[in-house]
Amino acid sequence: LRGTEKGYELEKTFTREESVTILVRLLGDEAKLNAADYQPVFKDVPSDRWSYAYAMYCYDNGITKGTAADEFSPEADVSADQFVTLVLRLLGYTDATPENAFETAQSLGLVSADDVKEYKASGKFIRDDMVKVVYGALFAKTKQGGKLAENLNAKGVITDKELENILEK
């Protein structure tokens, strides 16, 4: 996580375009991004927008579907159920939707029942919540098997020592 010019701003909500950026970085795939490799899909994310390659990478890899057939709503705040859905899709659970995300995420240990209750009660999903979900994703079992952290290690995204440190917690 890189934060903003003001730091991490953990009490701030974040946008859909910021969420896909975080997910590409979580996968360790940021170096693979090249805006020229993608065909535009969303009329509100033109190829010269900073988040274009992130949004298109997530679209091409089945992580995001957009808010409509040709819209992504990049500046809209992401909700808890939307972000958890994106993380589940990143883990390979391509049938995840905002309607079933919390149930699936709880079954995987990605979020707890208390987390879900808090997200629903607050009505806001902030960066601090996002960090907790992203951290939980490292321990979550992917649809293909193994924990995300183990898969990232196999891809060379994290070292053996980093994997060891993660799995000790």
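Observations on the structure shown:
- Over 20 Å (Cα to Cα) - which of Lys6/Lys32; Lys43/Lys132; Lys32/Lys155; Lys43/Lys143; Lys12/Lys132 fall in this group: Lys6/Lys32; Lys43/Lys132; Lys43/Lys143
- Mean separation of Cα contacts under 8 Å, 6 or more apart, over the residue count of segment 90-169: relative contact order %: 28
- Computed accessible area, Leu90, all protein chains, 1.4 angstrom probe, square angstrom: 20
- Accessible area per residue in Å² at 1.4 Å probe, computed on the chain: 53
- Summing charges over all other residues whose Cβ lies under 12 Å from the Cβ of Leu148, with Lys and Arg as +1 and Asp and Glu as -1, gives +3.
- Per-residue ³J(HN,Hα) for segment 116-128, Karplus 6.51 cos²θ - 1.76 cosθ + 1.60, θ = phi - 60°, Hz, x for Gly and Pro: 4, 4, 5, 4, 5, 5, 6, x, 10, 10, 10, 4, 4
- FRET efficiency, Ala113 to Ala36 (Cβ-Cβ, R0 41 Å, nearest 0.05): 0.40
- This model, with +1 at the C-beta of Lys and Arg and -1 at the C-beta of Asp and Glu, gives the chain a dipole about its Cα centre of some 240 debye.
- Once log10 I(q)/I(0) by the Debye sum over Cα atoms at q = 0.08, 0.11, 0.16 Å⁻¹ is calculated for the structure shown, the corresponding label among [x] -0.29, -0.56, -1.15; [y] -0.27, -0.50, -0.95; [z] -0.23, -0.44, -0.97 turns out to be [z].
- When the Gaussian network model of the chain links Cα atoms closer than 10 Å, the mean-square fluctuations of Val20, Val78, Val41 top out at Val41.
- When the residues Asp114, Asp48 are ordered by accessible surface, computed with a 1.4 Å probe over the protein chains alone, the sequence from largest down reads Asp48, Asp114.
- Since only Met56, Tyr93, Thr13 are under comparison, the one whose Cα sits farthest along the positive direction of the charge dipole of the chain, derived from C-beta charges on Lys, Arg, Asp and Glu, is Tyr93.
- Pairs of Cα atoms nearer than 8 Å and 6+ residues apart set the relative contact order; for segment 26-169 it is 18 percent.
The values are calculated or read from the model by the stated rules, or taken from the named source; none is laboratory data. Owing to the predicted nature of the structure, the values given are computational and were not obtained by experimental measurement. When we count neighbours, we look across all protein chains shown, and the Cβ atoms used for this are built from the backbone with ideal geometry, even at glycine. Note: areas computed on protein heavy atoms with side chains; ligands, DNA, RNA excluded. Shrake-Rupley method; radii C 1.70, N 1.55, O 1.52, S 1.80 Å.
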